[in-house]
Amino acid sequence: MPKFAAKSGALESKIKLGRGFYERPTLDVSRELLGKFIVYNSPDGRMSARIVEVEAYIDDNDPACHAARGLTKRNQIMFGQGGFSYIYFIYGMHNCLNFVTETKNKAAAVLLRAAEPDEGLDIMVQNSPGKKLTDFLRGPGRFCRAFGLTTQQSGLDLTKNKLYLESRESDKKIKIARTTRIGINVGTDKLWRFYDKESLAVSGIRAR
């Protein structure tokens with residue numbers, strides 16, 4: 001039975017991901033994000049979670065990407081350096097966290113779809129009352145709600161100390177599944193959704 005990531009030990013090796021991790025081809029970054037830990041030093045305390053599901057969105061060749069119609073006030077972060085947060089508000093109710101990838105003027109990002117809780121579970125419970133442990137971070141909107149992330153945190157440098165990703169000594173080999181993306185009606189042929197086949201926190205449809 002798959003389990004959620006164990007709480008980090010004090011002596012566990014943790015390496016913050018640098019700019020070079022993000023400034024690479026987006027599909028490569030997407031695969032390698034699985035199993036990494038996202039850390040947020042929020043006003044209420046430190047939270048972290050193990051990433052288990054992501055989706056890639058890549059420039060104007062992808063009709064589902066926010067950059068498909070060019071530069072706008074909302075998507076301008078995507079056109080900058082890789083390694084920044086891009087958070088947008090959708091359907092009048094959900095915030096969605098993305099990691100900007102590639103280099104300047106190559107607009108691309110990876111959407112965080114699901115993660116497994118690690119540190120700061122009490123804060124997540126407070127932010128998401130009534131949710132099951134497996135549901136706190138299942139889906140991009142639920143993730144942002146549990147972590148308390150909104151568009152106010154869009155544009156954060158992921159190489160700094162407020163919101164960042166890290167590789168940990170406990171990282172295990174991931175059995176990766178690859179499918180089409182969820183909740184879009186264009187670009188539906190692209191197999192740009194990646195997830196940990198053994199995680200209980202994965203949202204949406206699983207590959208057969």
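Inspect segment 56-66 for any residue being hydrophobic (A, V, I, L, M, F, W, C), part of a strand (DSSP E or B), buried (at least 21 other Cβ atoms within 10 Å of the Cβ) and out of contact with any helix residue (DSSP H, G or I) (no Cβ under 6 Å at 6 or more places or on another chain) and give the result as yes or no.
Checked segment 56-66: no residue is hydrophobic (A, V, I, L, M, F, W, C), part of a strand (DSSP E or B), buried (at least 21 other Cβ atoms within 10 Å of the Cβ) and out of contact with any helix residue (DSSP H, G or I) (no Cβ under 6 Å at 6 or more places or on another chain).
Restricting to segment 57-76, name every residue that is under 14 Å from residue 97 (Cβ atoms) and at pLDDT 90 or above.
57
Please count how many residues of segment 123-138 are touching a residue at least 24 places away in the same chain (Cβ under 8 Å) and either in contact with a His (Cβ under 9 Å, 6 or more places away or on another chain) or more than 21 Å from residue 182 (Cβ to Cβ) (or both).
4
Please enumerate the residues belonging to segment 189-208 that are touching a residue at least 12 places away in the same chain (Cβ under 8 Å) and within 22 Å of residue 67 (Cβ to Cβ). Spell out the reasoning first.
Kept after step one, since they are touching a residue at least 12 places away in the same chain (Cβ under 8 Å), are these residues of segment 189-208: 190-207.
190, 191, 192, 193, 194, listed by residue number.
Mind checking which residues of segment 95-140 are surrounded by fewer than 21 Cβ atoms within 10 Å (Cβ to Cβ) and hydroxyl-bearing (Ser, Thr, Tyr)?
103, 128, 134 - these are the residues of segment 95-140 that are surrounded by fewer than 21 Cβ atoms within 10 Å (Cβ to Cβ) and hydroxyl-bearing (Ser, Thr, Tyr).
Let's see how each residue does on (1) in a strand (DSSP E or B); (2) surrounded by fewer than 16 Cβ atoms within 10 Å (Cβ to Cβ); (3) among the hydrophobic types (A, V, I, L, M, F, W, C); (4) modelled with pLDDT of 95 or more:
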residue	(1), (2), (3), (4)
164	yes, no, no, yes
172	no, yes, no, no
177	yes, no, yes, yes
188	no, yes, no, no
201	no, no, yes, no
207	no, yes, yes, no
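When both residues are 6+ apart or on different chains and their Cβ atoms are under 8 Å apart, which pairs have a first residue that lies in segment 17-32 and is over 17 Å from residue 55 (Cβ atoms) and surrounded by fewer than 17 Cβ atoms within 10 Å (Cβ to Cβ), and a second that is acidic (Asp, Glu) and at pLDDT below 95?
Listed pairs, sorted by first residue: none to list.
Pairs, please: C-beta under 7 Å, at least 6 apart or cross-chain, first residue at pLDDT 95 or above and of a type in the set (Ser, Thr, Tyr) and in segment 97-121, second assigned to a helix (DSSP H, G or I) and buried (at least 21 other Cβ atoms within 10 Å of the Cβ)?
Correct list of pairs: 101/22; 101/26; 101/29.
Test of understanding: among 4, 84, 79, which residue is at pLDDT 95 or above and crowded, with 17+ Cβ neighbours inside 10 Å?
Unique residue meeting the criteria: 84.
Looking at this structure, is residue 196 under 17 Å from the mean Cα position of the chain (by Cα) and under 25 Å from residue 21 (Cβ atoms)?
Working: under 17 Å from the mean Cα position of the chain (by Cα): yes; under 25 Å from residue 21 (Cβ atoms): yes.
When the stated conditions are applied, residue 196 passes them.
Of (1) within 13 Å of the chain's Cα centre (by Cα); (2) among the hydroxyl-bearing types (Ser, Thr, Tyr); (3) part of a loop (DSSP other than H, G, I, E, B), residue 103 satisfies all except one. Which?
Evaluating residue 103 over (1) within 13 Å of the chain's Cα centre (by Cα); (2) among the hydroxyl-bearing types (Ser, Thr, Tyr); (3) part of a loop (DSSP other than H, G, I, E, B) leaves (1) as the failure.
Given the residues 82, 183, 141, which is the only one that is on the phi > 0 side of the Ramachandran plot and either outside any strand (DSSP E or B) or without any contact (Cβ under 8 Å) to a residue 24 or more places away in the chain (or both)?
Just one listed residue meets the conditions, 183.
Say we look at segment 67-76 and pick out the residues that are in a loop (DSSP other than H, G, I, E, B) and polar (S, T, N, Q); which of these is surrounded by the fewest Cβ atoms within 10 Å (Cβ to Cβ)?
Our first condition is that a residue be in a loop (DSSP other than H, G, I, E, B); within segment 67-76, this holds for 67-75.
Pick out the ones that are also polar (S, T, N, Q) and you get 72, 75.
Values: 72: 11, 75: 18.
Checked segment 67-76; the qualifying residue surrounded by the fewest Cβ atoms within 10 Å (Cβ to Cβ) is 72.
The values are calculated or read from the model by the stated rules, or taken from the named source; none is laboratory data. All figures in this text were calculated on a predicted structure; none of them were measured in a lab. Cβ sites come from the backbone with ideal geometry, for glycine too, and all protein chains shown count toward neighbours.
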